[in-house]
Amino acid sequence: MEVNKESNRRNHSGKGLGGNKRQRKQCPCWLPSKPSIRRLARRGGVKRISGLVYAEIRGVLRVYLQHVLHDTIVYTDHAKRKTVTASDVIHAVRHQGCTLYGLDCK
């Protein structure tokens, strides 16, 4: 009796439990990791970064994003909408003092 290998793979119903799962390091927050901060710094022309800078950058970024999100929600509520649009975010970032180029604000 010849067994078709492809159908055997599709109908595989073994009793294996999958083995040990890889333990990932859980980041306590959604802020960028050390390598992503390093990549952004490299793009900005930074050669070396002190180890204490990463926590400081995460703190500053958290505060900045809180302000931008607060302003974004204000713009959305004022327009009596429940959906945040790109123009709300652009206006909120502009209110913080930064200008985003390449995005239309319609």
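The table below gives the values:
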item	result
Y75 surrounded by 14 or more Cβ atoms within 10 Å (Cβ to Cβ) and either of a type outside the set (G, A, S) or touching a residue at least 40 places away in the same chain (Cβ under 8 Å) (or both)	yes
Given (1) surrounded by 14 or more Cβ atoms within 10 Å (Cβ to Cβ); (2) assigned to a helix (DSSP H, G or I); (3) under 21 Å from the mean Cα position of the chain (by Cα), number of the condition V84 does not satisfy	(2)
Single match in S36, S50 (criterion: modelled with pLDDT of 65 or more, of a type in the set (S, T, N, Q) and surrounded by 10 or more Cβ atoms within 10 Å (Cβ to Cβ))	S36
Pair list, Cβ < 9 Å and 6+ apart or interchain, from segment 78-90 residues that are among the acidic types (D, E) to residues that are modelled with pLDDT of 95 or more and assigned to a loop (DSSP other than H, G, I, E, B)	D88/A79; D88/R81
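The values are calculated or read from the model by the stated rules, or taken from the named source; none is laboratory data. Computed from a predicted structure; not experimentally measured. So basically every Cβ, Gly included, is an ideal-geometry build from the backbone, and we count neighbours across all protein chains shown.
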